[in-house]
Amino acid sequence: MSNGTEANTTNPTLSAEIDLTKHLPEDVYVGFSASTGSQVELNCVKSWSFNSTNVESERDSKQPVESERDSLLWLWIMIPTLAIVLLCGFAGYLGWKRKENRKKRPDPYIIHRLGSSTASPCNFGLKELKSATRNFDAVNKLGKGGFGTVYKGFLKQLNMEVAIKRVSKDSHQGKEEFISEVTTISHLEHKNLVKLFGWCYEDDELLLIYKLMPNGSLDKFIYPDGSSKAPEMVLSWERRLNIICGVASALDYLHDGCEKRVLHRDVKASNVMLDAEFNAKLGDFGLARTVRQDGETHYSTKGIAGTYGYMAPECFLTNRATVETDVYGFGVFVLEVLCGRRPGNKLQKDHIHQYVGNYIIDWVWDLYSKEQIHEAVDPRLEHNFDKDQTEVVLMLGLACCHPNPHKRPSMKVALQILKGETAPPILPNDKPAFMWPALDCPEEESKIYFSGGILSLSTELSGR
């Protein structure tokens, strides 16, 4: 502020620096105003000037150095973190892609085993099987087993309905079962065996294609569960006898009628299928093994294989499958079909041995010793059966389940007994005790004892 003279304009009377940012809003107007109260004065502004600085740049220049450091710190944190996330995501994608490619890549072990089969059945495409089952729709589900699920489907290539077994992907044992089915059944041909049309191995899917059996498995008729899907009809004595004869004929063929002896190892009602006329078809060869007939008499396993209740007592000591163990399973099958009862298991123990016993065998043998064996017949038959025939078949079942494997009849003899071509077996009045080694087996070959309830072998058995 000056006194108005031109000389004092450059030398103001009053001068002060004021930071208007502290007193003014962001948007302002610059001008002059004055007041003289009640007096009147004439004032005039001859000249004025206004200078300003870049408030924003100045403000930015005054921000603390710490803010710049904070910004830089966030950048140093975010960039590596983002890079790590991207790398992990990319690595995960590559791993998933590699896993998917590995799934689609055929397992060389399976390919080798299938390729070694001299007569493999037809190889179907996965797309065709998906179309046949409507992409494995639950509506077409026929049942589920230990290694996979069975679906009904219509194959245009065969122009007929089939049963398609889809093996579980996570089951290693299921892969072994698949290989066994294809390599074993492929060269077998018998009217009482389930017909295998083909197989599929694609995109890590394992599938088996069988001829469809309209009446399903036998166990649904022997053990009705009371559900709406369970058959209400009761199998007559004649049909039961025909089914037993059919299974006996199939086993006789497997043991002595084909080029290489085949041990089924899992004969039971749930593995017997029924066609439209209720003829028996033995199936499920997942545990079956081929044995050469030139001197080889058994198949040895690393562990116990089969279904408890149908396994011969010596299986738990030797881990061997033989024609005699198949005969034992057939004997249990005969009893369950005629009695309408499940085998049932129990732990039995004698002086030095321990093994899994069978309730149905002990029960029927007890009735036989009391001369009341006819009481073992399924009560749903209401005594509509031939008593003499029934007695012979029940006695055959007990003979096949004899504790001593050397006392069991062969399947050829069993079939002759069923057809009335030879005399029925002679049984002791009471069930013999299980003894091992068997009487006809050299004692030094298999000295077996138990230690703390666990099976131990004092000498290694041949073939193990």
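The values are calculated or read from the model by the stated rules, or taken from the named source; none is laboratory data. In this text, all values refer to a predicted model and were calculated from it rather than measured experimentally. Neighbour counts are summed over all protein chains in view; Cβ atoms, including those assigned to glycine, are modelled from backbone coordinates with ideal geometry. Ligands, DNA and RNA are stripped out before the accessible areas are found, and what is left, the full protein with its side chains, is counted by its heavy atoms. Shrake-Rupley method; radii C 1.70, N 1.55, O 1.52, S 1.80 Å.
Observations on the structure shown:
- Only one of LYS127, LYS104 that is under 30 Å from GLU161 (Cα atoms), charged (D, E, K, R) and modelled with pLDDT under 70: LYS104
- Filter result (more than 40 Å from the chain's Cα centre (by Cα) and part of a loop (DSSP other than H, G, I, E, B)) within the stretch 391-437: LYS419, GLY420, GLU421, THR422, ALA423, PRO424, PRO425, ILE426, LEU427, PRO428, ASN429, ASP430
- Flag for ASP440 being surrounded by fewer than 18 Cβ atoms within 10 Å (Cβ to Cβ), at pLDDT below 95 and assigned to a helix (DSSP H, G or I): no
- The stretch 250-290 - residue that is among the acidic types (Asp, Glu) and within 14 Å of THR183 (Cα to Cα) and, of those, nearest to the chain's Cα centre (by Cα): ASP284
- Across the stretch 1-12, the number of residues qualifying as at pLDDT 65 or above and open to solvent by 80 Å² or more (accessible area, probe 1.4 Å) comes to 1.
- Extreme residue, farthest from ILE222 (Cα to Cα), among residues of the stretch 247-284 that are part of a loop (DSSP other than H, G, I, E, B) and open to solvent by less than 30 Å² (accessible area, probe 1.4 Å): CYS258
- Answer residue from the stretch 397-424, given it is under 13 Å from TRP365 (Cβ atoms) and in contact with a Pro (Cβ under 9 Å, 6 or more places away or on another chain) and is most open to solvent (accessible area, probe 1.4 Å) among those: HIS402
- Residue within the stretch 174-185 that is among the charged types (D, E, K, R), within 22 Å of LEU126 (Cβ to Cβ) and open to solvent by less than 20 Å² (accessible area, probe 1.4 Å) present: yes
- Here PRO214 fulfils each of the conditions (1) outside any strand (DSSP E or B); (2) crowded, with 20+ Cβ neighbours inside 10 Å apart from (2).
- If only residues of the stretch 307-329 that are touching a residue at least 40 places away in the same chain (Cβ under 8 Å), of a type in the set (A, V, I, L, M, F, W, C) and out of contact with any Leu (no Cβ under 6 Å at 6 or more places or on another chain) are counted, the one that is nearest to ASP256 (Cα to Cα) is VAL323.
- Some residue of the stretch 313-321 being touching a Cys at 6+ places or on another chain (Cβ under 8 Å) and at pLDDT 90 or above: no
- Under the condition of being out of contact with any Gly (no Cβ under 7 Å at 6 or more places or on another chain), open to solvent by 20 Å² or more (accessible area, probe 1.4 Å) and not in a loop (DSSP other than H, G, I, E, B), the residues counted in the stretch 150-160 number 4.
- Of the candidates ALA276, ALA288, the single residue that is modelled with pLDDT under 85 and of a type in the set (Gly, Ala, Ser) is ALA288.
- Criterion: free of Cβ contacts under 8 Å to residues at least 40 places away in the same chain and either in contact with a Gly (Cβ under 8 Å, 6 or more places away or on another chain) or of a type in the set (Asp, Glu) (or both) - qualifying residue of GLU277, GLU202, GLU259: GLU277
- Residue check for PHE136: open to solvent by 10 Å² or more (accessible area, probe 1.4 Å), in a loop (DSSP other than H, G, I, E, B), within 14 Å of ILE209 (Cα to Cα) and not aliphatic (A, V, I, L, M): yes
- Matching residues, the stretch 186-203, being assigned to a loop (DSSP other than H, G, I, E, B) and open to solvent by less than 40 Å² (accessible area, probe 1.4 Å): SER186, LEU188, ASN192, VAL194
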